[in-house]
Every structure is written in structure tokens, then in C-alpha cells.
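What follows draws every value from the coordinates through simple rules; no lab data is involved. Quick caveat, the model's predicted, so the values are computed rather than measured. Cβ atoms come from the backbone with ideal geometry, glycine included; neighbour counts cover every protein chain shown.
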Amino acid sequence: MDPIELTLLDSQGLLLAENVTTDVALPGFDNSAMDGYAVRAVDTRGASSEDPAVLPVVGDVAAGVKSRAGMGPGLAMRIMTGAPIPAGADAVIALEETDRGVARVAINREVLSGECVRRAGEDLQAGSAALGAGAALGPQQLALLAAIGRDRVVVRPRPRVLVISTGSELIEVGHRAAFGEVTDSNSYLIAAAAKDAGADARRVGIVPDDHAKLLDVLETQLLRADILITTGGVSMGAFDVVKEALSDLGTVEFTRVAMQPGKPQGFGHLGDRVPIFCLPGNPVSALVSFEVFVRPAIRKLLGKRNLHRATVQAVALERAESPEGRRQYRRGVLHREATGGYSVSLVGGAGSHLIASMASSNCLVVIDEEVTEVVAGSRVTVIPLLLSNR
């Protein structure tokens, strides 16, 4: 996707697509790091609490002044944090190390030249690189851009992800389901997961098991999408319309993957090569399929380097069985132990329709294809499903 220019707050979480240099220094002028008195260090030589250096106070310097004050030898000026250092001064003594005098100030120790002075350009020199292309824009990076006067930046855009739930049994949220009806939850699940991955995700809504209606909806959404996602209708049933409708196009392939849940999958492209992911209809299958296949694709379009979530090793707190030859993803609750390690307990059964147990889980436990039994106390690979774990 082509880079776009956005305001700072709109670019949060995205990757910079330009090299940013600064034409201003940070700080822009020598300024005080403390509330205190601006002095010449030489005028405090030999000062102590028993024999303080006493200097006349000839003025105040506040933060935000538009012109630089000046002072002569043997004098002091009261100064606020962030205020410009007066011409003639080379150090600041903190208020608490003086008698806080108004007309005259007693300074209780020697002050070193440069003490409590923030030098112009010590953070960033004018003309130097501020941020490089590929930098992730979080709060700290946005603060730097604002500090150097940039209100807009060129970034890798968020992919526009559109989510469609399919099935004549589905009804919208807010309506009471009659016998045989199911309230659509998949589109909320997958749209929220896509947003968490960094996409600009929208629900298109529900499409019934109708070949023509599905193709019509997909065609009308192509111009608005960088990725299309459907849920449902990808298995072997007589009413699996997604598979039936899209297989005829020749650009979408349906297959069976050696994983549980999420065995039936579809992937291909529509129109001007817009990727489409056709996920199973059971909620747990849809979420696992999203994590395994779709989330990495979104992060690839965002320009991220780490496409997959980080994994941890955890001690299984209970026994589990898994079918041979299929990688199983079980819902679990990951616990942090006092020792610093992890343990994990399973939530719910292996059924792919169990929404409540999915909601109470915070991780996926990965059981490899060659493993048919996990013994309690053994170590397993766990994918933490932390919100915005980017």
C-alpha cells in the first residue's frame, strides 16, 4: 500500500515512511533545569554554609520570556525551570541550597560552571536525524515530532479490513433469536481482532446463504477494502455458499489445513488483487484462523517486522489429548508464577463453538502435530492473546 500523510495523533501505532530531520535544536536555547538563581560560578568560589557567597539579586527570569536577560559579574537573578539562562551567567543554584533571598541571596556552596543548565542542542542538534523510516510511532515518538514542529508525517497506512458474516441463520445484535436463529458474533470478534492487530476494520454485516447476494456484496465492497474476511460457509455442506460461490471464480482456493480448530480454510484474491480470507464459521475456529493466518498478513501490510505474536513456554497444569497429525490450539489461562515462569490451565473443551470459554481465556496453548498427549507438569508453547500485543 502506498504511504499517506497523516496528523500526529492519527499516525499513532503506524510505521514512519520517511526520514525525519530537524531544522531546530532541542532545547532551542540554554535554559535552567531548576527553580533557583542564575549566577556566575566564579562568584561562588569558596562558598559554604558557614561562609556563604552573598550576591545582589537584580531581577527575575520567567519561562516564556521573549528576550534574553543579562547580568554582570557579582550578581544573581532568580530563575524558573525552563527559563533562558541570562547572558553573563553560566550556572544555576537550586533554591533549597540558598536562603531564598529576594534582594540579596546567600549561596551555601560552590557552584560549578554549567551546573543545572540545559544546553541548546544537547538533546538534538539542528540538521540531525530525528526519526528514521520504519520507526514505530508511539507516544514518545509523537512527542519528539511535535517538539521539532512537525504536525504531519508520512506513514504506512492501516489496511482497510472488511468483515462479512455469512449464514441464513444469523440475525443482528439487538434482536431476540427465535428457534433456529443465531445472533451474529463472528463479525464483532474478527473486526475487533483486526483492529487490535492495527487495521482499520469495519463490519459489513450479514449475508444469507445466497450465491448471488454474496457475490454482489463482495463486489460492492472491493473499492473500500485492502483485505476482505468472511466467516462461515467454507466446509463441505450443501449450504456452504462461500465455498460454492468463490470456487467458481478461480482466484480463491479452498483447502483443509492440518490444524484444530480451523481445518477448512479459503484464501485468494478478488478484483484488483484484494486478498480475501474465508474463515470457518464456528467462533473459536474463526479466532484461531485469524491469529494463524490473517493477523500476520495485516502486520505485513503495516510494515511490521514481527508478524506473529511472541510465544512463551509454560507448565501445563493438567493433562490434554490432541489428534495425531493436526496442530491443536486450545484455549487457556496463562498464569505468572512467583518464580518468574509461567503455568497454563485449559479453559473449556476442544469444541470450536464454545464462546463463553473463549471469552474467559487469555492465551492459546499450541500442541504440535506429533503430540497426542500433554502430561500435567510438562512444558507447552503458549501464545498470549494480550490486547494490543504488537
Counting DSSP beta bridges with both ends in the range 215-352, the antiparallel % (nearest 5)
65
Rounded to 5, percent antiparallel among DSSP beta bridges of the chain:
70
Residue (of VAL257, SER247, THR183) at the positive-pole extreme of the range 160-302, dipole from beta-carbon charges
VAL257
So for each of 208-221, 138-151 I average, over its residues, the number of other beta carbons within 10 Å; can you give me the resulting order with the highest mean first?
208-221, 138-151
Return SER285, SER185 ranked ascending by Cβ neighbour count within 10 Å, so the fewest neighbours appear first.
SER185, SER285
Per-residue Cβ neighbour rank within 10 angstrom, fewest leading, LEU364, LEU307
LEU307, LEU364
Going highest first, how would you order 80-86, 200-206 by mean Cβ packing within 10 Å?
80-86, 200-206
Relative to the longest principal axis of the chain, what angle (0 to 90°, nearest 10) does the C-alpha long axis of helix 186-196 take?
30
Can you tell which of GLY174, GLY205, VAL294 lies farthest toward the positive end of the dipole of the range 160-302, using +1 and -1 charges on the Cβ of basic and acidic side chains (Lys, Arg; Asp, Glu)?
VAL294
Taking the C-alpha atoms of the chain, how large are the radius of gyration and the largest Cα-Cα span, Dmax, in Å?
31.5, 98
Antiparallel DSSP bridges in the range 312-384: what percent, to the nearest 5?
90
Debye, to nearest 20: dipole size of the range 31-118, +1 on Lys, Arg Cβ, -1 on Asp, Glu Cβ:
400
Using a ≥ b ≥ c from the Cα gyration tensor of the range 312-384 (square roots of the eigenvalues), is it rounded, prolate or oblate, where a/c under 1.5 gives rounded and otherwise the larger of a/b and b/c decides, a/b for prolate?
oblate
Which value, in debye to the nearest 20, describes the size of the charge dipole of the chain about its Cα centre when Lys and Arg Cβ atoms bear +1, Asp and Glu Cβ atoms bear -1, and nothing else is charged?
120
Calculated from DSSP H runs of 4 or more alone, at -39500 (n - 2.57) each and per residue, what is the 222 nm mean residue ellipticity of the chain, nearest 500?
-4000 deg cm²/dmol
Here D for the range 55-169, in µm²/s, from Stokes-Einstein with a Kirkwood Rh over Cα pairs at 25 °C and 0.890 mPa s, works out to 131
Those lysines that a straight Cα-Cα span of less than 17 Å connects to LYS263, excepting residues fewer than 8 apart in one chain:
LYS243
Shape of the range 239-299 from its Cα gyration tensor (a ≥ b ≥ c, root eigenvalues): rounded if a/c is under 1.5, otherwise prolate when a/b > b/c, or oblate?
oblate
Filtered chymotrypsin sites (Phe, Trp or Tyr not before Pro), the range 171-248: DSSP coil and at most 10 other beta carbons within 10 Å:
PHE179
Please give me the summed charge of the neighbours of VAL117: other residues whose Cβ is under 10 Å from its Cβ, Lys and Arg +1, Asp and Glu -1.
-2
Just check the range 160-302 against the gyration tensor rule for me: Cα atoms, a ≥ b ≥ c as the square roots of the eigenvalues, rounded for a/c under 1.5, and otherwise prolate or oblate depending on whether a/b exceeds b/c.
rounded
Any chance you could check the Cα centroid distance between the range 1-76 and the range 310-358 for me, in angstrom?
54
